[in-house]
1. May I ask you to verify whether Val117 is in contact with a Gly (Cβ under 8 Å, 6 or more places away or on another chain), assigned to a helix (DSSP H, G or I), surrounded by 13 or more Cβ atoms within 10 Å (Cβ to Cβ) and of a type in the set (Val, Ile, Thr)?
2. Taking region 11-21 on its own, how many of its residues are at pLDDT 95 or above and surrounded by fewer than 16 Cβ atoms within 10 Å (Cβ to Cβ)?
3. Kindly indicate whether Leu104 is of a type in the set (A, V, I, L, M, F, W, C) and under 18 Å from the mean Cα position of the chain (by Cα).
4. Only one of (1) under 21 Å from Val300 (Cα atoms); (2) modelled with pLDDT under 95 is not met by Val231, so which one is it?
5. Among the residues of region 155-173, is there at least one that is surrounded by 15 or more Cβ atoms within 10 Å (Cβ to Cβ), at negative phi and of a type in the set (D, E, K, R)?
6. If a residue has to be over 30 Å from Ala70 (Cα atoms) and either among the polar types (S, T, N, Q) or in contact with a Leu (Cβ under 7 Å, 6 or more places away or on another chain) (or both) to count, how many in region 91-122 make the cut?
7. I'd like to verify a number: residues in region 98-154 that are among the small types (Gly, Ala, Ser) and in contact (Cβ under 8 Å) with a residue 60 or more places away in the chain, how many?
8. Just for region 126-164: of the residues that are more than 21 Å from the chain's Cα centre (by Cα) and of a type in the set (S, T, N, Q), which one is farthest from Thr71 (Cα to Cα)?
Amino acid sequence: MTDQQVVIKEKQTRNLVFNGTGSSYFRVCIVNLLLIIITFGIFGAWALVRSKQYLYSHTELSGSCFTYHATGRSLFASWLCMLIYIFALEGAVIGRHTFVAVCLGAALILFVPYLLVQSLRYQLQSTTLNNVRFNFRCSGFKAWWVMLGCPLIMMLGVLLVCTLIMLTCRSASIFEFDRIIITSVVALVVGVLGMAVVQGVSSALWLNLLFNHLSFGKNNFTAKISIKKIVSISLMSMLMLIPVLLIVLKLEVPAYIKILSSQGDPEAIANELQSSGTAMFIGYLIYMFGILLWASYLYVTMRNYYYKTISLSEHFTFRSTLTVAGFLSQLIINALITGCTLGVGYPWARVRYCKYLARNTWVDGDLDELDLQDHNEKIANDIVSRLSRGLTPNISF
């Protein structure tokens, strides 16, 4: 390969750049916090918009920054309507108005996926790059199946299998601890692995739905995300978590059994907590680390995979170069920064996280060849679209 070819190849690969600073973002956050307190929370919608506008305007690709045009008024109106609906549903349940409660609950189940699609569409149409808007179009029935129908059926199947496993020891006496414990562990493992399959299938269906109905101007995104691959990633992450859960159970369960067998004796409970306190604390730390490791592996591995399957206008591809160790260290360090400063350091932690994600997100292809024509669709102003705008305010790519 000649030097000229190397230069051309380098020019065709660009990563996102986040140029915000902790101090400038801190000023945005402190003003938002003060206004939220002064307005008794009413300013929350506008605060969210101001925060996203800062983060978007400091994220750039090839010298061009993203912009966010959603309004706090739109989000606030949506949130207010959702709050009224929840209060109405709660009032119907508390007041034992069964028919009204069933109707409100059924409407929520049937129409929430459609509302989420409309909200996602609003958020994307409010996001621009080079004055070109994103867009998302999807049928309500397809969204309902992916978001609710399929996951619910699979979860019921997992619950049924675990119940059948536990029923095998229903004839066991109270003294057959070994049989009860072994059956419980088997049911736990089957349940965890079953939920991993549910998570994998649901994630794959959702990612395919999202990216195959996403567009930038008049350019369409496409993705060929394998359900089998996503399920294998989800199963592997759960297999990493199972040993952690077993260790925690071994450390925690004996102490809880002794506490329960003390029959409420305060002195016995205090003695048990004193003797087992260290083991319980270590178990808690192991559990927290295991959860962080599981979440890091799942997010990084899945993100690195599905980015490779996405293309824009068949000429531009994407790459994610995150590492599990790097992402895990981000979570731990940022949590320490935020916790040790009682929340004051959150803006600096958020900026660190955004910079890390940006420098590990790549676009391959000659961006000069991209058709920068905006689409002709306007933001919908019907009542349903207006009510849905605040349902997915934190969607981000």
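1. yes
2. 2
3. Numbers: of a type in the set (A, V, I, L, M, F, W, C): yes; under 18 Å from the mean Cα position of the chain (by Cα): no.
Considered against the rule, which asks whether it is of a type in the set (A, V, I, L, M, F, W, C) and under 18 Å from the mean Cα position of the chain (by Cα), Leu104 comes out as no.
4. The single condition Val231 does not satisfy is (2).
5. No, the conditions are met nowhere in region 155-173.
6. Going through region 91-122 one residue at a time, the tally reaches 3.
7. The qualifying residues number 3.
8. It comes out as Thr163.
The values are calculated or read from the model by the stated rules, or taken from the named source; none is laboratory data. These numbers were taken from a predicted model, which means no experiment stands behind them. No Cβ is skipped: glycine too gets one built from the backbone with ideal geometry, and neighbour counts run over all protein chains shown.
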